[in-house]
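Below is one structure; the comments refer to it alone.
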Amino acid sequence: MTLDLHKLGHLIAVVEESSFTRAARRLHLSQQALSTSIRALEREVGVDLLDRRGSRLAVLPAGEALIADARLLHGAARAALVRARRIGRGEGELLRVGHTPAVAGDEVTALLHRVHQVQPELSTQVNQRYPSELTDQLIAGELDLGLCRGMVAERGLTRTTLAQHRLRVAVTADHRWAARDSVELGELAGETIVVWGKAGSSGYTDLLIEHCRRAGFEPAVRRNPIQGTPPVTAVQGSDHIAFVTAAAGPAAGGAVRVLDLLPPTFVPLRALWPQHTNSQARDDFLSATAES
């Protein structure tokens, strides 16, 4: 028994677009050809996948289960195709890395520099991605590795902890704490803490909130309205504070001060990658990171 990846791709498009018409346009197919493909897929599977009754298209439980696996299959197939083409053309291994805003770009750069000391020929492409984008692109085979702080591993992904980084506090250079070297975690009670994601939908924000609760207070958090910028810049233009993993001292051209947090508190740096895919570059990266 086999499944046609093209038909699976057609099913994914129909569900993502919630319309045969829009999916056909996206796939550059006629609506009739697309409908015929989905019917053929249902015959191959042996059960209905979509409920076409009524004005709205509904996905049946069997369809939902198949789509979840189909995305993983498509991603693995895409990664295998890219890898085979690269090897066939005599091109070197390329590691495509995505990182969430919670992992600063200079942290990624420092990590890659350590890896290049062990694997100097390793080629990398690095881009920042929001958590949902990172997950989607890992599953789709568009990234080989994701770096994050508090994300869970969705089905089809593997997660490991690369390091534990010390948590610090960023304030503006004119903040009342700016002249200090450190601040106690309990002192943050009553302060507004700028975070990147919404509580309840961001694993990293929830992790930071949990640290505050363990210190005996419920933090007041505010989501940064300017997304995608370095974490230390989150406090600029306000008297708020932010948790960061940057080194203590001046930052953002002197506009920000980073203070040590006491007692020392740590947050994980984690790697995510798709299961059932091969990448020598990723293996080299993980091996070198473990050694460092």
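FYI, it's all coordinate maths here, none of it is from the lab. Just so you know, these numbers come straight off a predicted model, no measurement behind them. Cβ atoms come from the backbone with ideal geometry, glycine included; neighbour counts cover every protein chain shown.
Things to note:
- Counting neighbouring Cβ atoms within 10 Å and putting the fewest first, the residues Ser35, Ser30, Ser55, Ser279 line up as Ser55, Ser30, Ser35, Ser279.
- When every Cα-Cα distance of the chain is counted in 5 angstrom steps from zero, the calculated P(r) takes the values 1, 5, 10, 13, 13, 12, 11, 10, 9, 7, 5, 3, 1, 0, 0 percent.
- Shape category assigned to the range 188-245 from the gyration tensor of Cα positions, a/c cut at 1.5: oblate
- Alpha-carbon centroid distance for the pair the range 163-186 / the range 17-43, whole angstrom: 55 Å
- Rounded, prolate or oblate (a/c below 1.5 giving rounded, otherwise prolate when a/b exceeds b/c) for the range 168-264 by Cα gyration tensor: oblate
- The ranking of Thr100, Thr265 from fewest to most other beta carbons within 10 Å of each one's beta carbon is Thr265, Thr100.
- The charge dipole of the range 51-163, taken about the Cα centre with unit charges on the Cβ atoms of Lys, Arg (+1) and Asp, Glu (-1), comes to about 340 debye, rounded to the nearest 20.
- Computed [θ] at 222 nm, helices only, for the chain once each DSSP H run of length n ≥ 4 contributes -39500 (n - 2.57): -12000 deg cm²/dmol
- Projected onto its three principal axes, the C-alpha set of the range 5-74 covers 27, 24, 20 Å, listed from the longest axis down.
- Sorted by Cβ neighbour density within 10 Å, fewest at the top, the residues Leu262, Leu286, Leu269: Leu262, Leu286, Leu269
- Local electrostatic count, Thr21, Cβ distance below 14 Å [Lys/Arg +1, Asp/Glu -1]: +3
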